Every structure is written in structure tokens, then in C-alpha cells.
Amino acid sequence: MLTSLYVEGETWFHRLAVRPKLILLLVASVVLFAVSSWWVLLPALLLTTALYLTLGMTLREAWSRVGFVFFTILFLALVNLLLIPPMDVAVMVVRLVTLVLLAAAITATTTIDAFMDEITLLLGPLERMGLVRAADVSLALGLVLRFVPDIFSRYQAIRDAHKARGLPVRVLTILGPLIILTLKDADTIATAIDARGFRRH
């Protein structure tokens, strides 16, 4: 069962600072969506796949982190096959899978505290301009990263409960209870944050 997005390890990507990782993700996003050449897309896919699979995770754990997103990409691809040429769909799939694997590699090798500290620093200029509260944004990001594994664990628990009762496991029957439980947790967390004065607004 997935309990944390961070994976302990001593790989070179673990040792890389947060800012270069975020810059790499930004540059990769721009480049991948600016080009459609297979000479760029395929090497990028192979490199991110190799990077992701060498972070110290088992194949099962690696799949559990990205499997649901891959199924979503597959669904989008099937829908788009009705609208655009198959080659364009293939390009879209490779782009999205590559970015998902890179993002998953970054979250697997970066602690939540490191993410929050870096976001606070990066948003410092905007905070001085009065546009955002850097601490609030970093807190929101930290909460998302912290509770994504809990949401997946709860999904698995609801699915197992359906199987134990002999009920058919369907996404629509699982989403209802999952959303309700997640919203309840979110409300409880927000109340706790406000009670401790972590937010001014």
C-alpha cells in the first residue's frame, strides 16, 4: 500500500536539488509540446522511463504510482481517435506519458519539506508585490503531496470492500464514497489549519 510519494534512495536524481528538477520539468514540457519529431519524443520517453525505473522502487510500486494516470491517458487517446489522426494521438500519448514519468520521478526523489521551501522561495517576489502568500501556496502544495497517497490507499480499501461483499467493482460506484471521504478529510484539515493560525485569511 502506498504511504508516501517520497522514496528513500541515494541515486544522483535524489541528490539533485529541487530547483533544477523543476526547471527540467518546465523545459521538458515546453520542448515536448513544441516538437512532434519522433527523433525527440522517443529518446525522451526512453530516458524518463529509465530514470523512473532506477529510483529504487519495485515494478509493482512504480506501476501503482502512475497506473491510474496511464489509464486516464489511454481513455483520452481512445476518445481523440474519433477526432484526430492516429499519428497525432500517438504523439499526444508519448508526450503525456513522458511528462508523467518525469513528474513521478521528481516527486519520488524530493521530500515534501524541500518542495515547500523551494516554492516559498520562488514565490517570494510575487508575495512582495502583494499578489500571493507564498507560505499558503507552499502549504497547499505540501498538503496535496502528503495526502495523494492517502487517497490512493482509500481507493484500494473501498475497492477491496466491494470485492469482499461480492459487489461489482466499478469506477462510478467507488468515486462517490471516495469523494465524500476526501472532502470530509479536507474540511477537517482546513479547520485544524485555521485553528492553529497557519493562514491569515
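The values are calculated or read from the model by the stated rules, or taken from the named source; none is laboratory data. Remember, predicted model here, so these are calculated numbers, not experimental data. For neighbour counting, all protein chains shown are included, and Cβ atoms are generated from backbone atoms with ideal geometry for every residue, glycine included. Note: areas computed on protein heavy atoms with side chains; ligands, DNA, RNA excluded. Shrake-Rupley method; radii C 1.70, N 1.55, O 1.52, S 1.80 Å.
Please find, within segment 103-112, the residue that is farthest from residue 40 (Cα to Cα) out of those that are open to solvent by 10 Å² or more (accessible area, probe 1.4 Å) and in a helix (DSSP H, G or I).
The qualifying residue farthest from residue 40 (Cα to Cα) is 112.
Within the bounds of segment 125-139, is there any residue that is modelled with pLDDT under 80 and among the polar types (S, T, N, Q)?
yes
What single numbered condition from (1) within 21 Å of the chain's Cα centre (by Cα); (2) open to solvent by 40 Å² or more (accessible area, probe 1.4 Å); (3) farther than 26 Å from residue 119 by Cβ; (4) not β-branched (Val, Ile, Thr) fails to hold for residue 38?
Going through the list (1) within 21 Å of the chain's Cα centre (by Cα); (2) open to solvent by 40 Å² or more (accessible area, probe 1.4 Å); (3) farther than 26 Å from residue 119 by Cβ; (4) not β-branched (Val, Ile, Thr), residue 38 breaks only (1).
With (1) under 30 Å from residue 20 (Cα atoms); (2) at pLDDT 75 or above; (3) assigned to a loop (DSSP other than H, G, I, E, B) as the list, and residue 121 as the residue in question, which single condition is left unmet?
Exception for residue 121: condition (3).
In the set 59, 78, 96, which member is open to solvent by less than 50 Å² (accessible area, probe 1.4 Å), without any contact (Cβ under 8 Å) to a residue 60 or more places away in the chain and closer than 30 Å to residue 158 by Cβ?
Result: 96 is the single residue among 59, 78, 96 that is open to solvent by less than 50 Å² (accessible area, probe 1.4 Å), without any contact (Cβ under 8 Å) to a residue 60 or more places away in the chain and closer than 30 Å to residue 158 by Cβ.
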